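Working notes, beginning with the structure itself.
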Amino acid sequence: KHLLSWTLKYVIMAKFRRRTCIILSLFILFIFSLMMGLKLLRPNSATFGAPFGLDLLPELHQQTIHLGKKTDFQKSDRINSETNTKNLKSVEITMKPSKTSELNLEELPPLNYFLHVFYYSWYGNPQFDGKYIHWNHLVLEHWDPRIAKNYPQGRHSPPDDIGSSFYPELGSYSSRDPTVIETHMRQMRSASIGVLALSWYPPDSSDENGEATDNLVPTILDKAHKYNLKVTFHIEPYNNRDDENMYKNVKYIIDKYGNHPAFYRYKTKTGNALPMFYVYDSYITKPEKWANLLTTSGSQSVRNSPYDGLFIALLVEEKHKYDILKSGFDGIYTYFATNGFTYGSSHQNWANLKYFCDKYNLIFIPSVGPGYIDTSIRPWNSQNTRNRINGKYYEVALSAALQTHPSLISITSFNEWHEGTQIEKAVPKRTSNTVYLDYRPHKPSLYLELTRKWSEKYSKDRTTYTSDQQLH
């Protein structure tokens, strides 16, 4: 009786073990297949074909540990977060900057003057500015007090705690430091970017978190010229911006900087070489005001004068198209690096926007970015995070832009660290409170290298659909 009972138990256990082994084998096979599939997403295997899964990208979120708020780094998140914490052995690690001598300018492809990058000169540190500027950014509160109370408050404390989810290879640098400016120009040159669009406030004014930076423009122009780069101006929404003071500021920029060899001019189809001005948040000023400045019959008109230029409006909502036409702008750009955040920043709408621009003789400038994460300064805004996917997100955006056959492409950004849109070199860093994101398993130069690859592609493609001549 006991023997029979034992035999039955043995048979049941054997069947159970066999079933368990089969299930386990299938599970291992599934995990292996999944890992191989994920491996194929690496930029090395990327092609210039049609963008994949554009509708999927907005759902991909980066994860970080920031301001003492912990997030689990699971195995499956290592690819998504681009942070491999197991290599961070000590409490704090910062990699040293790579030597500038590694860049052989003579071996690089030519600059692409139809590729622009948004550049910010608002950073400061004690060595050059007597204090930290922008790196110590305020943590912005949500407008709803009930939501705001759930998130950290206060100000960042550099150099270890900065207002960014990534950490610069150059550390918490000063935009006033000539060696930093030169390093930035070398990085742009290495990426075959021809033009930097400099964030600009009038003299003696600045953004609410910074200080005046117009006095840095001469140095930026000189350093840019050294590497054959051009500088255009990205006019920020300074206090009380209107048609009258815009006329004065455009006049100021052209009178003061217009004769510098690095001052950018775009050759139009009619053969005129005109300065270009990106106008951030242009939609907050009424079209009637802009028309005073930008139409030939306007009371403050720059048209057909020494202060004429190409004025590029920011398109956020679809309805802005008609306001932009009424205003007299020469083109549109989309700025935001978050696919799906606005009508203008959604890749799927670029073909329609290009059609609209062609119809009304406007310049269409889609803005592409490597990703987006601003939770270091807006901790409640994680729904707008866009994962970099080791460079794939950037390549999808560039591919989508190229498919519209644009006259120009803008990159958001070279160094907007607060919003995590930078292509500047970033390095791994970990402190007791923060694990910064980084570009691993790739080098700190990943996004400069991807930019160079696509810059060459864009340059070749552009010659097939336009007769414009680039201006040197």
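Tabulated values for the structure
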| quantity | calculated |
| --- | --- |
| Sorted peptide list for 382-388, 301-307, criterion being average Cβ within 10 angstrom, highest first | 382-388, 301-307 |
| Around residue 229: net Lys/Arg minus Asp/Glu count, Cβ-Cβ under 9 Å | +4 |
| Rounded FRET efficiency, nearest 0.05, which uses the C-beta distance separating residue 226 from residue 403 and R0 of 25 Å | 0.10 |
| In sequence order, calculated HN-Hα J values of the range 304-311 (Karplus, 6.51, -1.76, 1.60; Hz; x Gly/Pro) | 6, 10, x, 10, 5, x, 9, 9 |
| Cα gyration tensor category, rounded, prolate or oblate, for the range 143-288 with a/c compared to 1.5 | oblate |
| Ordering of 447-458, 364-375 by burial proxy (mean other Cβ atoms within 10 Å per residue, highest first) | 364-375, 447-458 |
| Rounded to 5, percent antiparallel among DSSP beta bridges of the range 113-469 | 20 percent |
| Cβ-placed point charges (K, R +1; D, E -1), dipole of the range 152-280 about Cα centre in debye, nearest 20 | 840 debye |
| Computed magnitude of the charge dipole of the range 113-469 (debye, nearest 20; Cβ of K, R +1, Cβ of D, E -1) | 980 debye |
| Paired Rg and Dmax values of the range 322-367, which use every Cα atom, in angstrom | 10.3, 27 |
| 3J(HN,Hα) from dihedral phi, the range 365-372, Karplus parametrisation 6.51/-1.76/1.60, rounded to Hz, x for glycine, proline | 10, x, 10, 10, x, x, x, 7 |
| Rounded, prolate or oblate (a/c below 1.5 giving rounded, otherwise prolate when a/b exceeds b/c) for the range 113-469 by Cα gyration tensor | rounded |
| Cα gyration tensor shape for the range 315-406, rounded if a/c is under 1.5, else prolate or oblate | oblate |
| Summed residue charge, Cβ within 10 Å of residue 343's Cβ, Lys/Arg positive, Asp/Glu negative | 0 |
| Computed E for residue 260/residue 295 - FRET, C-beta separation, R0 30 angstrom, nearest 0.05 | 0.55 |
| Two-site FRET efficiency, residue 355 against residue 272, from Cβ-Cβ distance with R₀ of 25 Å, rounded to 0.05 | 0.50 |
| Length-normalised contact order of the range 377-472 in % [C-alpha pairs under 8 Å, at least 6 apart] | 25 percent |
| Amide hydrogen neighbours beyond the local backbone of residue 263, cut-off 5 Å, H modeled | 231 |
| ³J(HN,Hα) computed for each position of the range 350-357 - Karplus, 6.51 cos²θ - 1.76 cosθ + 1.60, integer Hz, glycine/proline x | 5, 4, 5, 5, 5, 4, 4, 5 |
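Read-outs: derived from the displayed coordinates by stated rules, not from any lab. No experiment lies behind these values; they were computed from the predicted model shown. Reconstructed Cβ throughout: ideal geometry from the backbone, glycine too, with neighbour counts over all protein chains shown.
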